[in-house]
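Read the structure below first, then the notes.
The values are calculated or read from the model by the stated rules, or taken from the named source; none is laboratory data. Only a predicted model underlies this, so the values are computations on that prediction, with no experimental measurement involved. So basically every Cβ, Gly included, is an ideal-geometry build from the backbone, and we count neighbours across all protein chains shown. Just so you know, the surface numbers come from the protein's heavy atoms only, side chains and all, with ligands and any DNA or RNA stripped out. Shrake-Rupley method; radii C 1.70, N 1.55, O 1.52, S 1.80 Å.
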Amino acid sequence: MRVAKFSIAGEARFGLVDGPELVVFKGHPLFFNYETTGERVPLKDVQLLPPTLPTSKIVCIGKNYADHAAEMGGDAPKEPLIFLKPSTSLIGHGETIVRPAISERVDFEGELAIVIGAIAKDVSEADALDYVWGYTIANDVTARDIQDKDGQWTRAKGFDTFCPLGPWIETEFELDGQTLETRVDGDLRQHASIDLLIHKVPRIIQHVSQAMTLLPGDVILTGTPAGIGPMESGEVVEISIEGIGSLSNPVE
Ligand code: MG
C-alpha cells in the first residue's frame, strides 16, 4: 500500500495512492484503521506533503555506507551514529530546496527512510521490523562548508527545506536487493544497493530506540552512499528507490 499526505484546498489529508488517483483517508490511517471517505482526488491536482505528523522527529544515521565514509575521509563508525534534523526542515515531493545565503556548498544525500508505525522503546533487533510502518525516500540536504566549520551537524543539516521526504510511504517495501539512485538534472550521481548499509534496519531501530522512544510517524534516515555532491540553483534533484518511487525537488 502507498500512503501519501497531501494538501487540497489548504487542508492536509492522507490518501491511498491508487494509480493516478488518491483515495482519501478519514484521518491519519494508523489512528483511524485505514477508513476512507470514498472521495477520490487526481494525484496531479494535489501538492504532496512530507508523509509525517507535525510532532514527528527525524532521526538520521551518519556514515552508514563504507564508500561514503571513505569519501568523507574517515572510517565508518562501529555503532550507528545518530543525529537529528528539525521538523521544520521537512518539505514534500516537488517543493523547492532553498540554498541559504551563508553557505557556498549545499549537497544532496539520497537516503532510504524508515517510517515508524508503533511506539518503540528498547526494541530488540529480532522484533524491530514489527515497529516499521513502511519506507519512503529522503534527501539529507547538507551545507557542507558549515558542517566542516561547526564540527557538529545540527546547523548544517537543519536549515528550512533541508529534508525533502516522500513522495509517499510504501508499506509493502522489501529491503533486499533494492537500488538507490540520485540524479541531478537527469545526470546519475549516486547508485548503490540498499544491501550495502553497514548497520541494517533492525540494528538501527534497536540502537535508536535504546536512546529515545520512537513514536508512530517518526522517520529514520538510514544514511547515504558515495557520490554526494553540490546542488546549484535551477537544478532538479531526483532520488529513486526501486519499489518506492521517486522524490524530486527543484533547487533555488
Ligand atoms: Mg545523510
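Of all the criteria given as (1) away from the ligand (no atom under 16 Å from the Cβ); (2) free of Cβ contacts under 8 Å to residues at least 12 places away in the same chain; (3) under 26 Å from Ser248 (Cβ atoms), the one not satisfied by Phe32 is (3).
Total residues in the range 149-166 satisfying the condition of being surrounded by fewer than 20 Cβ atoms within 10 Å (Cβ to Cβ) and either of a type in the set (Lys, Arg) or not in a loop (DSSP other than H, G, I, E, B) (or both): the figure is 3. Restricting attention to the range 172-185, the residues being of a type in the set (A, V, I, L, M, F, W, C), under 17 Å from Ile97 (Cα atoms) and either within 14 Å of the ligand (Cβ to nearest atom) or open to solvent by 50 Å² or more (accessible area, probe 1.4 Å) (or both) number 0. Do we find that Ala192 is at pLDDT 95 or above and more than 16 Å from the ligand (Cβ to nearest atom) in this structure? No; evaluated as a whole, the condition is false for this residue. Checking the range 44-56 against the condition returns no match, with no residue being assigned to a loop (DSSP other than H, G, I, E, B), hydroxyl-bearing (Ser, Thr, Tyr) and within 16 Å of the ligand (Cβ to nearest atom).
One line per residue, one yes/no per condition, for (1) among the aliphatic types (A, V, I, L, M); (2) more than 16 Å from the ligand (Cβ to nearest atom); (3) open to solvent by 20 Å² or more (accessible area, probe 1.4 Å):
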residue: Arg2; (1), (2), (3): no, yes, yes
residue: Phe14; (1), (2), (3): no, yes, no
residue: Thr36; (1), (2), (3): no, yes, yes
residue: Pro42; (1), (2), (3): no, yes, yes
residue: Asp75; (1), (2), (3): no, yes, yes
residue: Pro80; (1), (2), (3): no, no, no
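Note on the range 156-192: residues that are under 13 Å from Leu90 (Cβ atoms) and of a type outside the set (Gly, Ala, Ser) total 8. Within the range 106-127, residues that are assigned by TED's automatic domain parsing to the domain that holds Lys200 and part of a strand (DSSP E or B) have Cβ atoms under 6 Å from residues that are charged (D, E, K, R) and open to solvent by 10 Å² or more (accessible area, probe 1.4 Å) in these pairs: Val106/Arg99; Asp107/Arg144, counting only partners at least 6 apart in sequence or on another chain.
Can you tell which of Ile169, Ile146, Ile137 is open to solvent by less than 10 Å² (accessible area, probe 1.4 Å), assigned to a helix (DSSP H, G or I) and assigned by TED's automatic domain parsing to the domain that holds Pro225? Answer to the check: Ile146.
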